[in-house]
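Q: Structure incoming, see below.
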Amino acid sequence: MFLFESIPWYSWVMWSVVLVALIALNEVTRRWKWAGLAFFVALPIVLTLFVWPNTAGAGSSTGSWFHWVKVYSALAGCLGFMLIRYVPRLAKNRWMLMFPAAILAINIGEAVIRDFQVAGLDGMHDGVFMVGGPWNYMNGIAGILNLLTICGWAGIIVSSDKAKDMIWPDMMWFWIIAYDLWNFAYVYNCVGDHSFYAGAALLISCTIPAFFIKKGAWLQHRAHTLALWMMFTMAFPTFVTSSQFAVDSSHNPTALFIVSALSLAANIAVAAYQLYVIVTRRLNPLRDELYTDQPSYREVREANLPAEPTAVPAAPRQEDRLAMV
């Protein structure tokens, strides 16, 4: 195959199980606060103390600095978003509303650094086979563009339903697609033998909910699924490397180049369109929401704001009742 070595049927079955499990666990952790605390506070403490020191040490495919930083930054995102969702005064604090954009930018920045670092590597490093090349620089530039086009965080709201989701109306579908292409290319470039699961299944597990289950909550879906996956792979690193379900990358330079070229092209297009919107509408991307004229923006915002109270007709005054008699 072009992107991967042969994929047996049972690996496709496991890929589907991973996808469904991530979507299901995301639904559980977003709908019930107690589940979020259990998975993103209690479980990581147990794993940090008793499991990861043994499974994600030196020589493990998940033992590099990047994996440790990634799991804790994903968990920090989950906890920060829970504060915004469940503490009303924080949901209205303009400084706190910068946190989602900041943690997203940090996560993208971590991957960009890793892409540039891998560009000069070849062979086994940190337990992963790498083929560095110009594609790493291409995708690193795509990641920088993706980071720079984060916008509209001042318009983040908390949904009015029981789930109290963190809703980001200005995070448009085309930015999400550009992110997915960039992130898949990053995983394919830097941990290629993990990318069947950590690239494709993981990214789809947050994109499906964002488009079909709870629109506007993509970043929350992304943080939950990423944290869940990182905790799992750090506890069971052989699942993606040497288990019967593991699927290796083809390590084909042509495939690496094409994946990164698609990522770069998509992010250049999003950046160019965003610049056009900023200039023609005379907006400040550090302060304003940029896509308020888009139907998808209005749909998400209107679906999550509290319903307008219905006006109650005033009772007739006593003199009016006497007049009617």
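Q: Loop-only check: which chymotrypsin sites (Phe, Trp or Tyr not before Pro) in region 55-152 are DSSP coil with at most 15 other Cβ within 10 angstrom?
A: When the chymotrypsin sites (Phe, Trp or Tyr not before Pro) of region 55-152 are filtered for loop state and at most 15 Cβ neighbours within 10 Å, TRP95 remain.
Q: If you roll a 1.4 angstrom probe over the protein chains with everything in place, what fraction of the accessible area of region 1-44 belongs to carbon and sulfur, to the nearest %?
A: 78 percent
Q: If r is the Cβ-Cβ distance from VAL279 to ALA42 and R0 is 51 Å, what FRET efficiency results, to the nearest 0.05?
A: Efficiency, from the Cβ-Cβ distance: 0.55.
Q: Any idea which of PRO285, ALA119, LEU264 is furthest toward the positive side of the dipole for the chain, if Lys and Arg beta-carbons carry +1 and Asp and Glu beta-carbons -1?
A: PRO285
Q: Let me ask another. Please report the orientation-averaged projected area of the chain, defined via the convex hull of its C-alpha atoms, in nm².
A: One quarter of the hull surface, i.e. the mean projection, equals 21.8 nm².
Q: On to the next question. Quickly work out the SER160-to-ILE258 label distance, labels modelled 7 Å from Cα along the C-beta direction, and quote it in nm with one decimal.
A: Roughly 4.8 nm, to one decimal.
Q: Once you sort the root eigenvalues of the Cα gyration tensor of region 92-177 as a ≥ b ≥ c, which label holds: rounded (a/c under 1.5), prolate (a/b larger than b/c) or oblate (the other case)?
A: Taking the square roots of the gyration eigenvalues as a ≥ b ≥ c, region 92-177 is prolate.
Q: By how many degrees, between 0 and 90 and to the nearest 10, does the Cα long axis of helix 253-281 differ from the longest principal axis of the chain?
A: 30 degrees
Q: Once you put a point 7 Å from the Cα of VAL69 and another 7 Å from the Cα of PHE211, both along the Cβ direction, what distance in nm separates them?
A: Here the answer is 3.1 nm between the modelled labels.
Q: Also: Tell me the accessible surface of MET1 in square angstrom (1.4 angstrom probe, heavy atoms of protein chains only), to the nearest ten.
A: Per-residue accessible area (MET1): approximately 150 Å².
Q: Go through ILE278, ILE208, ILE176, ILE141 and list them by solvent-accessible area, largest first, probe radius 1.4 Å.
A: ILE141, ILE208, ILE278, ILE176
Q: While we're on this one: Taking square-rooted eigenvalues a ≥ b ≥ c of the alpha carbon gyration tensor, is region 80-227 rounded, prolate or oblate, where a/c under 1.5 means rounded and, failing that, a/b exceeding b/c means prolate?
A: The shape class here is prolate.
Q: May I pose another question? Show PHE212, PHE184, PHE236, PHE99 ordered by accessible area, largest first, where the area counts protein heavy atoms only and the probe is 1.4 Å.
A: The residues order as PHE212, PHE236, PHE99, PHE184, largest area first.
Q: Sticking with this structure for a sec: Mind checking which lysines have their Cα closer than 22 Å to the Cα of LYS164? Skip sequence neighbours fewer than 8 apart in that chain.
A: List returned: LYS33, LYS92, LYS214, LYS215.
Q: Of the accessible area of region 127-172, with the probe set at 1.4 angstrom, what percent is carbon plus sulfur?
A: Carbon-and-sulfur percentage of accessible area, whole number: 71.
Q: Next up: In region 55-146, what trypsin sites (Lys or Arg not before Pro) fall in a loop by DSSP, with at most 14 other Cβ atoms inside 10 Å?
A: LYS92, ARG94
Q: Rounded if a/c is under 1.5, else prolate if a/b is larger than b/c, else oblate: which is region 30-121, with a ≥ b ≥ c the root eigenvalues of its Cα gyration tensor?
A: oblate
Q: So, in Å, what gap is there between the alpha-carbon centers of region 157-189 and region 1-60?
A: If we compute the Cα centre of each part, the gap is 19 Å.
Q: Tell me the per residue accessible area of the chain using a 1.4 Å probe; a whole number in Å² is fine.
A: I get 47 Å² per residue for this part.
The values are calculated or read from the model by the stated rules, or taken from the named source; none is laboratory data. Quick caveat, the model's predicted, so the values are computed rather than measured. When we count neighbours, we look across all protein chains shown, and the Cβ atoms used for this are built from the backbone with ideal geometry, even at glycine. The area values use the complete protein model at the heavy-atom level, side chains included, leaving out ligands, DNA and RNA. Shrake-Rupley method; radii C 1.70, N 1.55, O 1.52, S 1.80 Å.
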